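The values are calculated or read from the model by the stated rules, or taken from the named source; none is laboratory data. As the structure is a computational prediction, the values presented were derived from the model and not from experiment. Counting neighbours? That spans all protein chains shown, and the Cβs are built from the backbone with ideal geometry, glycine included.
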Amino acid sequence: MRRPKPIALAILCTAAFTAAALASAGPTIAGNSVASTDDASATVAAAASSSSGPASLGASAYETLYSGATLRIDLHHFGTRAEEAFSLDSLREEGPWAGSRSNLVDETNMGVYLARLYDAATNREIFSRGFASLFGEWRTTDEAKAAPRTMHESVLVPMPRGRAYFTISSRDSRNVFREVFHAEIDPNSRQIVRETRCPREGIIDVAVSGQAAERLDILIVGDGYTAAEAEKFRRDAGRFTRILLGFSPFSENRGRINIRALWAASRDHGTDEPRKGVFRDTAAGTSFNTFDIERYLTAPDNRRLRDLASCAPYDRMLILVNTSRYGGAGIHDLWAVAASDNEYSDYVAIHEFGHALAGLGDEYFTSAVSYNEFYPLGVEPWDRNITALVPDGRPKWETKLTPGVPVPTPPDAVKYGAVTGVFEGAGYAAKGLYRPALNCMMFSKGYAPFDAVCRKGIEDVISHHAGAPSR
Ligand SMILES: [Zn+2]
């Protein structure tokens, strides 16, 4: 996996990155048609971690390869259930890179999509991040069978010093990554927008203990708080910070986490509720009833949200919506959304943040979620905490199993209530999918602790962003 496929996908690229531009890259891509990201990716089994030499980047690679700023790559993601493609919207230079400077390659194998950067001079992979998106979720709905849609997305990468290739791969029906987008990036191009559009004065340090590059940086974004409710937002941000940092495994790792809040007054209080005919003009543009699901509270206006957040360093966003209605959402490497004021708000914020931070899947299976084909039969999910026991009848959390526990594990709360096992029923399906514990924050509506597999998933992501724990 040394270099991206140069030309074949040019049809998906926009005018700024035509085949001619790629061809002008000259010797660095000449004659490389044998090496293809697709082929290399296809060898990456769904639940295995990808490893192809990026570890050889070395500790000083960041300073050599990157300017220190953040490059926001804005994209249009469009298609149907059957087909999808990306096109470039814009490139924007933002503030200092908040991600790790030593862990530049994402080896977690999480996410529906995988973005990669390759150095044009050496064809080496120099950065990657797995992510998921609202469009990716929409593709699993019935609506996606009928007609195409377009949604706006952003991928944040460190700003390269030299020319680079940017690629996106999408998982196929077997969960293997296949390249679907390719663009060349010239960091000196005047096409890169360098203005700022964000309320710098709105950034509030709630729990900041170190440099962004050495912490997991969480940004709490308030939505639906009017100018008169500034103090309420401060209180809510403080409350959710205490809740998150008080819950394991965040509590043991609080010294490795920065939390900031972003204050931006909304013109209207609350959020959109389309099923009730309610529409509100709010800072981050959140809405209930996404995909016409009653409680699905998301932030579909990506450009507005990203512009708002663009002055703050962040690895993940938690969007607090000023409403007492029940609802929320969480998408890996995108955001968690939670309503601020109902009896389940605290639980929803932690649960959704589990989705957003560590790509954890829902372990429950009784709820009538209107997704379908979220977990195709017989395909091992990429979620750390859900297994189809494919291909060999053993779970991917084999090393975490309580010694002597049967696989699968009978749902006997007396015998197996506290073990790490393999319990049938997960990912909305009562049969064929398995979870690591009888109960977990990702299973029931309440304050059950994260099970051992979820905890390890969260700690791995914290380590990816903050470096290894110094215990
Ligand atoms: Zn969930």
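Tell me, which residue of segment 227-266 that is in a loop (DSSP other than H, G, I, E, B) and of a type in the set (S, T, N, Q) is farthest from the chain's Cα centre (by Cα)?
Result: Ser266.
All but one of (1) more than 22 Å from Arg129 (Cβ to Cβ); (2) in contact with a Phe, Trp or Tyr (Cβ under 6 Å, 6 or more places away or on another chain); (3) not charged (D, E, K, R) hold for Ile319, so report the exception by its number.
Failed condition: (1).
If Tyr314 meets every condition in (1) within 16 Å of the ligand (Cβ to nearest atom); (2) assigned to a loop (DSSP other than H, G, I, E, B); (3) of a type in the set (Ser, Thr, Tyr) apart from one, which number is that one?
Tallying (1) within 16 Å of the ligand (Cβ to nearest atom); (2) assigned to a loop (DSSP other than H, G, I, E, B); (3) of a type in the set (Ser, Thr, Tyr), Tyr314 fails exactly one: (1).
Take Phe374 and decide whether it is surrounded by fewer than 24 Cβ atoms within 10 Å (Cβ to Cβ) and within 14 Å of the ligand (Cβ to nearest atom). Break it down stepwise before answering.
Values: surrounded by fewer than 24 Cβ atoms within 10 Å (Cβ to Cβ): yes; within 14 Å of the ligand (Cβ to nearest atom): yes.
Yes.
For segment 346-364, give me each residue that is surrounded by fewer than 23 Cβ atoms within 10 Å (Cβ to Cβ) and more than 12 Å from the ligand (Cβ to nearest atom).
Asp346
Residue-wise test of (1) over 24 Å from Ala98 (Cβ atoms); (2) surrounded by fewer than 17 Cβ atoms within 10 Å (Cβ to Cβ); (3) free of Cβ contacts under 8 Å to residues at least 24 places away in the same chain.
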| site | (1), (2), (3) |
| --- | --- |
| Leu262 | no, no, no |
| Ser266 | yes, no, no |
| Glu273 | yes, no, no |
| Lys276 | yes, yes, yes |
| Phe288 | yes, no, no |
| Thr298 | no, no, no |
| Asn302 | no, no, no |
| Ala312 | no, no, no |
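Looking at segment 56-148, what helices (runs of 4 or more DSSP H) fall wholly within it and have at least 3 residues that are in the same structural domain as Ile257 (by TED's automatic domain parsing)?
Those helices (runs of 4 or more DSSP H) do not exist here; none qualify.
In segment 347-355, is there at least one residue being in a strand (DSSP E or B) and at pLDDT 95 or above? Show your work before the answer.
Looking only at segment 347-355, we keep the residues that are in a strand (DSSP E or B), and these are none.
Looking through segment 347-355, none of the residues is in a strand (DSSP E or B) and at pLDDT 95 or above.
Mind checking whether some residue in segment 204-226 is of a type outside the set (Phe, Trp, Tyr), in a helix (DSSP H, G or I) and touching an Asp or Glu at 6+ places or on another chain (Cβ under 6 Å)?
No, segment 204-226 contains no residue that is of a type outside the set (Phe, Trp, Tyr), in a helix (DSSP H, G or I) and touching an Asp or Glu at 6+ places or on another chain (Cβ under 6 Å).
Return the residues of segment 176-194 that are in contact (Cβ under 8 Å) with a residue 60 or more places away in the chain and surrounded by fewer than 19 Cβ atoms within 10 Å (Cβ to Cβ); say none if nothing qualifies.
Correct list: Val176, Arg178, Pro187, Ser189, Gln191, Ile192, Val193, Arg194.
How about segment 70-84: which of its residues are surrounded by 17 or more Cβ atoms within 10 Å (Cβ to Cβ) and of a type outside the set (S, T, N, Q)?
Correct list: Leu71, Arg72, Ile73, Asp74, Leu75, His77, Gly79, Arg81, Glu84.
With the structure loaded, tell me whether Glu229 is surrounded by fewer than 19 Cβ atoms within 10 Å (Cβ to Cβ), closer than 23 Å to Asp281 by Cβ and charged (D, E, K, R) or whether it fails that test.
yes
Quick check: is even one residue across segment 335-358 farther than 17 Å from Val221 by Cα, outside the structural domain of Lys145 (by TED's automatic domain parsing), in contact with a strand residue (DSSP E or B) (Cβ under 8 Å, 6 or more places away or on another chain) and of a type in the set (Val, Ile, Thr)?
no
Residues of segment 171-204 being under 18 Å from Leu75 (Cα atoms) and among the hydrophobic types (A, V, I, L, M, F, W, C), which ones?
Val180, Phe181, Ala183, Ile185, Ile192, Val193 - these are the residues of segment 171-204 that are under 18 Å from Leu75 (Cα atoms) and among the hydrophobic types (A, V, I, L, M, F, W, C).
Look through Pro411, Pro391, Pro403, Pro381 and report the one residue that is within 16 Å of the ligand (Cβ to nearest atom) and outside the structural domain of Arg101 (by TED's automatic domain parsing).
Answer to the check: Pro381.
Cβ-Cβ under 6 Å, sequence separation 6+ or interchain: first residue in segment 88-111 and without any contact (Cβ under 8 Å) to a residue 60 or more places away in the chain and within 21 Å of Ala61 (Cβ to Cβ), partner surrounded by fewer than 20 Cβ atoms within 10 Å (Cβ to Cβ) and of a type in the set (Gly, Ala, Ser). Which pairs?
Glu107/Ser49
State whether one or more residues within segment 324-339 are more than 16 Å from the ligand (Cβ to nearest atom) and over 21 Å from Ser248 (Cβ atoms).
Yes, segment 324-339 contains at least one residue that is more than 16 Å from the ligand (Cβ to nearest atom) and over 21 Å from Ser248 (Cβ atoms).
Being under 24 Å from His332 (Cα atoms) and either assigned to a loop (DSSP other than H, G, I, E, B) or among the aromatic types (Phe, Trp, Tyr) (or both) is true for just one of Leu438, Leu433. Which residue is that?
Being under 24 Å from His332 (Cα atoms) and either assigned to a loop (DSSP other than H, G, I, E, B) or among the aromatic types (Phe, Trp, Tyr) (or both) holds for just one of Leu438, Leu433, which is Leu438.
Would you point out which residue out of Thr241, Thr167 is assigned by TED's automatic domain parsing to the domain that holds Ser100 and crowded, with 20+ Cβ neighbours inside 10 Å?
Thr167
Please determine, by comparing only the residues of segment 430-451 that are closer than 17 Å to Pro406 by Cα and touching a helix residue (DSSP H, G or I) at 6+ places or on another chain (Cβ under 8 Å), which one is farthest from the ligand (Cβ to nearest atom).
Step by step, filter segment 430-451, then rank; the result is Leu438.
Can you confirm whether Lys456 is surrounded by fewer than 18 Cβ atoms within 10 Å (Cβ to Cβ) and of a type in the set (Lys, Arg)? Steps first, please.
Values: surrounded by fewer than 18 Cβ atoms within 10 Å (Cβ to Cβ): no; of a type in the set (Lys, Arg): yes.
The answer is no for Lys456.
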